[in-house]
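Shown next, in structure tokens, is the structure this report addresses.
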Amino acid sequence: MNHQGREQWKTKIGFIIAASGSAIGLGNIWRFPYMTGMNGGGAFVVVYLLCIVFIGLPLLITELKIGRMTQRSPIAAFRALKGKKSPSQLMGWLVLVSGFMMLSFYSVVGGWSLEYILKSFLSVFVSKSPQTIYDMFGELYSNPAKNLLWHTCFMLTCMAVVVAGVQRGIERWTEILMGILLVLILVMVGRGLTSPGAAEGIRFVFSPDFSKLTPGAILEALGHAFFTLSLAMGIMITYGSYLDDKADIPRFSFWVATVDTGVALLACLMIFPIVFSYGFEAQAGPGLVFKTLPVVFSQMPMGMFFSTVFFFLLFFAAVTSGISILEPVVRAAMDGLGWQRKTATLILGFSVLLVGVPSALSGSTLASLKLLGERNFFDSVDYLVTNWFFPLGSLAVAIFIGWFMSEKLLQSEFVKGSKVGKYFPVWLFVVRYVSPVGMMLIFLNIVGFFKLF
Ligand code: PHE
């Protein structure tokens, strides 16, 4: 607790692990490899790294600073920065609603990993034809009971951690889960690198062929940089509010971005060598993890062991992100409405669970319910959150900080506790110009103002 009675991280490393746990999630292990696969490999990776360094990292620093400076959760934080009457507090609402909606479908996907752990453990994939294994994903998607069950299990797990508080819940459990995750990843990378397709896999990820790079891929890389660093959902603001003035935020942020990127690359190094070894295509798209990989595992010696390890890893990564999406919403209710942590976690956790029900039923009972265009409920929420809320939220935060805050205040906050204070002008330049322009481009492209992909 700090002097205002607010919870604080127990250790610096605990904070770095918790923030990395938020950043490392389905985005690293499910989304990044398939995007890399679909966008031609190495060149996409290079662009993505540039986006992380030049746009993602400065914004990560910004969000953590907003949190630490105000010692508040998102809505109150923006209010504290600009006063009660300012419309800026709407931004707090925007990021919280985004997080709430995001968790409602993130939990459904996280839940699928539970089904796949069970299937692997029971050796369901063994001696089945690739087509049968592919179809299992469709069967899961169209099974209402299973989706509801796993979605509920996932949410209850997140709630159980959040209810225990910052140190005893989030910090302790992310430390444990991330520790196990690292070991599991190393096991899988070891498996990948000793398989016959290792060289081809490594080449695919690390040797850039820029002729394969499309303008659309560049924007996708940028969008993914926001997604993977858990920006624009109020998470880093909330996590930053549990830091004290001694914390070197720019340095910590650098570590979080490095660990997160490292894991995304390791995920490629475990997936592509095995995919190539068994003669599969890298361009499988979103089905890469849930369709292609189980087929590969089914043909590999001790495949069910590795399959179980892999899906556990996916589940742990998703849970540590899931709790980080729940925490800001819970914290906002604690700060703003004076609720107890337990009450806030129960009420809001169950609300997310309920709001997620239509997403969980999107492949079955509610398959004919179309919302945005031809999209079912799940796809609509996914589309809204990833394509609209994400860029808009980040854009709003960058513009607000870059253009509406006093430069003096920003500078004093930037250098506080930091050994890299001299980079303040670079940071300010990125927040003022580079990130807003980048996000504007993504956004205009998504809404169809111009079409790159
Ligand atoms: N960063 C998480 C991932 O890579 C996703 C996420 C986004 C989590 C936004 C929280 C908020 O999976």
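Assorted remarks:
- Accessible-area composition of the chain, carbon plus sulfur, in percent [1.4 Å probe]: 69
- If you bin all the Cα-Cα distances of region 339-453 at 10 Å, starting from zero, the percentages per bin are 12, 25, 24, 26, 12, 2.
- For the chain, calculated [θ]222 nm from helices alone, where every DSSP H run of n ≥ 4 adds -39500 (n - 2.57): -22000 deg cm²/dmol
- Computed over region 12-446, the alpha-carbon pair-distance distribution with 20 angstrom bins reads 27, 60, 13, 0, each value a whole percent.
- C-alpha center-to-center spacing [region 337-370, region 123-153] in angstrom: 22
- For the chain, accessible area per residue (1.4 Å probe, heavy atoms of protein chains only), Å²: 39
- Applying the criteria of a DSSP loop state and at most 10 other Cβ atoms within 10 Å to the chymotrypsin sites (Phe, Trp or Tyr not before Pro) of region 230-296 yields no site.
- The rule of thumb for compact globular proteins, 2.2 N^0.38 Å, goes into the C-alpha radius of gyration of region 178-240 1.58 times.
- Pairs with C-alpha atoms separated by more than 27 Å, drawn from the list LYS10/LYS65; LYS10/LYS146; LYS10/LYS119; LYS10/LYS342; LYS82/LYS416; LYS212/LYS291, are LYS10/LYS146; LYS10/LYS119.
The values are calculated or read from the model by the stated rules, or taken from the named source; none is laboratory data. Just so it is clear, the model here is predicted, and its values are computed rather than measured. Glycine gets a Cβ as well: all are built from the backbone with ideal geometry, and neighbour counts include every protein chain shown. Accessible surface is based on the protein model in full, side chains and every heavy atom, while ligands, DNA and RNA are left aside. Shrake-Rupley method; radii C 1.70, N 1.55, O 1.52, S 1.80 Å.
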